[in-house]
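A short reminder: the numbers here are calculations on the coordinates, not readings from a lab. Only a predicted model underlies this, so the values are computations on that prediction, with no experimental measurement involved. Glycine gets a Cβ as well: all are built from the backbone with ideal geometry, and neighbour counts include every protein chain shown.
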Amino acid sequence: MKTAFIIYDGMTTLDFIGVYDALTRLKTMGFMTDFTWDVCALTETVTDGTGLRLLPSRVGGSLAGYDLVIVPGGPGARARAGDPAFLDWLRTAAPSARKASVCSGALILGAAGFLRGRRATTHRTAFDELRTLGMIEVVDERVVDEGEVVTARGVSSSIDLGLYLVEQIAGSEIRRRIQRQMDYQPDAD
């Protein structure tokens, strides 16, 4: 299975790294040796919303060869949602079996047309913006699975999305083992 993690200027790094950490453990913990990934961008370097610089492993090119494409949110999501070149690049992921977003990354998926006629979630402060993209039923849930598209609500839901996708890909026992290794206990007091 081949995954593309999309990064861009102004993203929130936790939106990216939470889901990245959970999913890449499929390979690093030996559950799926054929799980591969690229960190993809349209630029040689990316600076997140706080100034942290990241280097993609792949710059440009079609996203059509990926099974899963994941888009984080952040302050830069609104700019990407209005950027025709970025949206055209993201639309090359149309053949991918599944697209996913965290937080305001849903605005980007919506602007690219991937959420039309579907239920979706995003950060609560972006609910109204997501509705303006047309024919999207915005729901207040942690993770929303619409088959080809999965959206997660706010920043910390990135880990939830990663573990949810792990379970979809490898089953509930593998999810439990990865969650235990991450020491992630969202319902602990």
- Message: Quick check: pseudo-label points 7 Å beyond the Cα along Cα→Cβ at SER62 and VAL139, how many nm apart are they?
- Response: 3.3
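Among SER158, SER62, which comes first, then next, by fewest other beta-carbon atoms within 10 Å?
Working: SER158 29, SER62 11.
Neighbour counts put them in this order, fewest first: SER62, SER158.
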- Order of SER101, SER96, SER156, SER57 under a 10 Å beta carbon neighbour criterion, fewest first: SER57, SER156, SER96, SER101
- Run the numbers on region 51-159 and let me know its relative contact order in percent, using alpha-carbon pairs under 8 Å that are six or more apart. 25
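Counting other C-beta atoms within 10 Å, which of THR122, THR3, THR132, THR36 has the fewest, and how do the rest follow? Could you put the intermediate results ahead of the total?
Details: THR122 32, THR3 25, THR132 9, THR36 13.
Ranked by crowding around the Cβ, least crowded first: THR132, THR36, THR3, THR122.
For the chain, what is the relative contact order in percent, using Cα pairs closer than 8 Å and at least 6 residues apart in sequence? Don't skip to the end; give the middle numbers.
On the way: 420 pairs, mean separation 41.2, N = 189.
Relative CO of the chain lands at 22 percent.
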- Item | Relative contact order (percent, whole number), region 21-68, Cα cutoff 8 Å, 6+ residue spacing | 27
- Round to the nearest 0.05 the FRET efficiency obtained for ARG91 and THR36 when R0 = 22 Å and r is the Cβ-Cβ distance. 0.45
- Max mean-square fluctuation residue, GNM over the chain, Cα-Cα springs under 10 Å, options ARG80, ARG175, ARG53: ARG53
- Query: Which percentage, to the nearest 5, of the DSSP beta bridges contained in region 1-107 is antiparallel?
  - Reply: 10
- Message: With θ taken as phi - 60° and the coefficients 6.51, -1.76 and 1.60, list the Karplus ³J(HN,Hα) couplings across region 145-156 in order, rounded to whole Hz; mark glycine and proline as x.
- Response: 9, 10, x, 6, 10, 10, 10, 10, 5, x, 3, 5
- CD proxy, 222 nm, the chain: helix-only mean residue ellipticity via -39,500 (n - 2.57) per DSSP H run with n ≥ 4, per residue, nearest 500, stands at -10000 deg cm²/dmol
